[in-house]
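For reference, the structure is listed below as structure tokens.
All of the numbers you see were taken from the coordinates with simple rules; none came from a lab. Worth saying up front: this structure is predicted, and the values here are computed from it rather than measured. Ideal geometry is used to build each Cβ from the backbone, glycine not excepted, and the neighbour counts take in all protein chains shown.
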């Protein structure tokens, strides 16, 4: 669907550029796979597979976090929303950056101290038991699967767009081929291998993005007023393009919808497990802080880039063309980059544009690999490895690798099924799950002393179920021409996200569950929390908390005495 | 651990449970030799359990203050911005300079503010929180080693 219209919209993209992109993609795929093989864990060591031994410096770790955080959905999706709706899209980009900053301020350090490999570890630190771990794994997969589907399906569309094919079979083939590549990254490279790919990707994305942004602003002689005015004019919406309210204009209470949507992104974006898993790779709380400083700075830089390129796409190409190429505007980032070079393109400019497409391609590959890894680690470590008392290390690593396959193959199959639908509701679903189930669970279990297991389970399960129940009724799923099911209308919850109801519900359920489990349980939890408070706050090691074997020697070695 | 009173090579020294045949004083076959010094008793400083330690209470307070202030400032500013965008469109669309609307300017200002906030957070954390956390971690390590030696 998109491919056919895209090729006509992209007539300027000549054969030479397509050939160059194809060569670049093949090279990148080969090199990254090689990198994964070279840097993958070379011994049977769980710490090395799951965390890469904390061997990355803060700068590298920070870049890897930023790489995981800026998924293809944020590059293409946010770029599209900015190009189509202007101001609202820019606020969305800001929410994304703020979300990572909140993660740094609020959760990163205690999370690193409490967790070991997965979110299940962090939650089960206070409340040991299989039920907590299994639920944590289920929520991890439920929250990340939609995001993986979006990226995989988007990969097919994007490749068809860049390489100029329009056949459906080609798109499906792309999804399967790329999916296999992503699974191999996760299975072979482990945490360290994927970190390397993320670093490569973020450097390429930011580097090429800065050049494009400078070129865009140069076209307008660095006059911001003229730049925004041209964008408003070419958008067809006039000055409304530069104020809030364009994106959420349809619903009965657009302001409330706007605020709740942005807050859902702020709360949910950074809590998703593929981001939090990178916290555990740092060797101490101080390292996490330094890493996060780099990560937030990179994301803030990216917000500037995507804003300039998004507005630039509208100013240079016009909103109508962008909407024709893709109703969600997913190709706006590329159209904007392409339009900077004007009508006739020199070899250098073709090369530069190829760098942009390659960066986007690498973004697609890397972000799905990170998500597959997060799901596979959780499946292997939280569900299978806890089933027996003491699982041999080699077996757990093999399990983790097969889990990557077990997560990846269904994702590929589902992606081929949903590739021709609007994918926006799936992104929203992930963010809502992050904000309504994962964020309350992490905040409560790290900071609330009386939080009990019942409270934790009701937050995770109740929050997830509430989102899953409400989501089909929202604006993006049905009832409008741009929805995922444009022909049907079961839009009974007239908001874009479910956050307005489900975030308070997630927090309330945790509180209710804790209160309902009785004073005795609460006191027990309180004592247990106090026993490990030194651990959570200072990363201090206590023998009786049963996790020393993995972290002590390392901490001792790294901490400056 | 430079100040660790028990260097690692000492750990094989006689512990609290000496070997049975050493329990009686050794026979002095050579009376001119001074008797061997009695095995040095390990004297361990008595420390209260970690959970109630006052250091931890101070750390808890410092962390809590830092987290609350930084989180609420960041979130508060953003919520204010969202509220203004939604409910005061006339203010946000008035132009200040250069033809750029106030709303866009406020949005763009958030990025430098982000960097300032990070720098401030890093500085306060290094000055107020890290020394406390280090002290607690060292004590905990000592405790752990003491328990391991028993």
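Could you tell me how many degrees, from 0 to 90 and to the nearest 10, lie between the Cα long axis of helix A:130-163 and the main elongation axis, the longest principal axis, of the Cα atoms of chain A? Its long axis makes an angle of about 20 degrees. What's the center-to-center distance, using Cα atoms, between the stretch A:220-295 and the stretch A:350-376 in Å? The stretch A:220-295 and the stretch A:350-376 have Cα centres separated by 20 Å.
Stretching the chain fully between residue A:203 and residue A:221 yields a gain of 3.8 nm (0.36 nm per residue, less the alpha carbon separation).
Within the protein assembly as shown, the ratio Rg/Rh, alpha carbon atoms throughout and Rh by Kirkwood, equals 1.03. In whole percents, the pair-distance distribution calculated for the stretch B:54-150 from its alpha-carbon pairs, binned every 5 Å from zero, is 2, 11, 15, 14, 12, 10, 9, 8, 6, 5, 4, 2, 2, 1, 0. Computed over the alpha-carbon pairs of the stretch A:223-365, the distance histogram in 5 Å steps reads 2, 8, 11, 16, 17, 16, 13, 9, 6, 2, 0 percent, short to long.
Against the longest alpha carbon principal axis of chain A, how many degrees, from 0 to 90 and to the nearest 10, is the axis of helix A:499-516 turned? With both axes taken from Cα atoms, the answer is about 0 degrees. Pairs of alpha carbons in the stretch A:170-300 separated by more than 25 Å make up 57% of all such pairs. Dividing the mean sequence gap of close Cα pairs (under 8 Å, 6+ apart) by how many residues chain A holds gives a relative contact order of 26 percent.
Size of the stretch A:452-538: Rg and Dmax of its alpha carbons, in Å, are 18.7, 57.
In terms of overall dimensions, the stretch A:322-374 has a Cα radius of gyration and Dmax of 13.9, 44 angstrom. Using alpha carbons only, how many degrees (0 to 90, rounded to 10) separate the axis of helix A:58-69 from the longest principal axis of chain A? The two axes meet at around 70 degrees. The fewest-to-most ranking of A:349, B:147, A:109 by surrounding Cβ atoms within 10 Å reads B:147, A:349, A:109. A Cα-only calculation for the stretch A:387-495 places Rg and Dmax at 18.6, 54 Å.
For A:489, A:68, A:257, the sequence from fewest to most other C-beta atoms within 10 Å is A:489, A:257, A:68. For the stretch B:54-150, the relative contact order comes to 36 percent (Cα pairs under 8 Å, sequence separation of at least 6). Counting beta carbons within 10 Å around each of A:397, A:38, A:279 and listing the fewest first gives the order A:38, A:397, A:279. Rg/Rh, computed from the Cα trace of the stretch B:78-131 with Rh as the Kirkwood radius, has the value 1.22. Every Cα-Cα pair of the stretch A:281-384 was included, and the share exceeding 24 Å stands at 45 percent.
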